[in-house]
Amino acid sequence: MPRKKRQRRLLAPPSVKGFSVFGPKNRAEQVVLFFEEYEVIKLLDYDNLTQEEAAVCMEVSRPTLTRIYEAARNKVAKAMVEGKDLLIRGGNFQFDENWFRCNTCSAKFNMSKEDENCPVCHSTETISLNEYYKTR
């Protein structure tokens with residue numbers, strides 16, 4: 001029996017929910033990029049970390065990181081070549097405990113305790129992003 005997959009650690013939530021095609025597109029299907037696949041692309045291609053450094057950040061082995069990266073590249077290429085929207089959601093991940101979302105204004109922010117007010121609208125209606133994405 002295979003062991004249960006460990007959750008991948010994400011440093012911060014993505015700033016976007018996905019990308020849409022400009023011009024003619026295939027509306028019949030969308031490509032879903034998992035949060036951990038987004039994080040791998042961000043760490044390797046945007047932050048220019050080595051695979052070893054990125055694997056440490058995400059708390060996975062380097063071969064696992066390579067498999068996630070390959071799947072992510074294939075999905076991005078498919079979306080670009082076939083003219084499909086790319087959505088970022090789902091997967092097997094865990095945000096750092098200090099990332100929260102305001103239920104009033106939908107702002108995402110980092111703070112030390114959940115019981116603090118939203119820095120944008122000062123609402124007390126905040127939720128941990130780990131809890132928020134588990135319910136979606």
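Taken across the stretch 28-40, residues that are touching a residue at least 12 places away in the same chain (Cβ under 8 Å) and touching a Cys at 6+ places or on another chain (Cβ under 9 Å) do occur, with at least one present. With the structure loaded, tell me whether Arg9 is surrounded by fewer than 19 Cβ atoms within 10 Å (Cβ to Cβ), at pLDDT below 90 and in contact with an Asp or Glu (Cβ under 6 Å, 6 or more places away or on another chain) or whether it fails that test. Spelling it out, Arg9 is indeed surrounded by fewer than 19 Cβ atoms within 10 Å (Cβ to Cβ), at pLDDT below 90 and in contact with an Asp or Glu (Cβ under 6 Å, 6 or more places away or on another chain). Screening Arg73 on (1) under 17 Å from the mean Cα position of the chain (by Cα); (2) without any contact (Cβ under 8 Å) to a residue 24 or more places away in the chain shows it passes everything except condition (2).
Here is a yes/no grid of residues against (1) assigned to a helix (DSSP H, G or I); (2) farther than 19 Å from Arg9 by Cβ; (3) modelled with pLDDT under 90:
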site: Glu70; (1), (2), (3): yes, yes, no
site: Gln94; (1), (2), (3): no, no, yes
site: Phe100; (1), (2), (3): no, no, yes
site: Cys105; (1), (2), (3): no, yes, yes
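The residue that is farthest from the chain's Cα centre (by Cα), among those in the stretch 76-92 that are surrounded by 15 or more Cβ atoms within 10 Å (Cβ to Cβ) and in a helix (DSSP H, G or I), is Ala79. Restricting attention to the stretch 37-45, does a residue exist that is of a type in the set (Ser, Thr, Tyr), part of a loop (DSSP other than H, G, I, E, B) and either touching a helix residue (DSSP H, G or I) at 6+ places or on another chain (Cβ under 8 Å) or under 23 Å from Arg101 (Cβ atoms) (or both)? The answer is no; no qualifying residue exists.
Would the stretch 14-36 turn up any residue that is under 24 Å from Asn130 (Cβ atoms), basic (Lys, Arg) and surrounded by fewer than 19 Cβ atoms within 10 Å (Cβ to Cβ)? Scanning the stretch 14-36, I find at least one residue that is under 24 Å from Asn130 (Cβ atoms), basic (Lys, Arg) and surrounded by fewer than 19 Cβ atoms within 10 Å (Cβ to Cβ), so the answer is yes.
The values are calculated or read from the model by the stated rules, or taken from the named source; none is laboratory data. Because the structure is a prediction, the values reported are computed rather than measured. Reconstructed Cβ throughout: ideal geometry from the backbone, glycine too, with neighbour counts over all protein chains shown.
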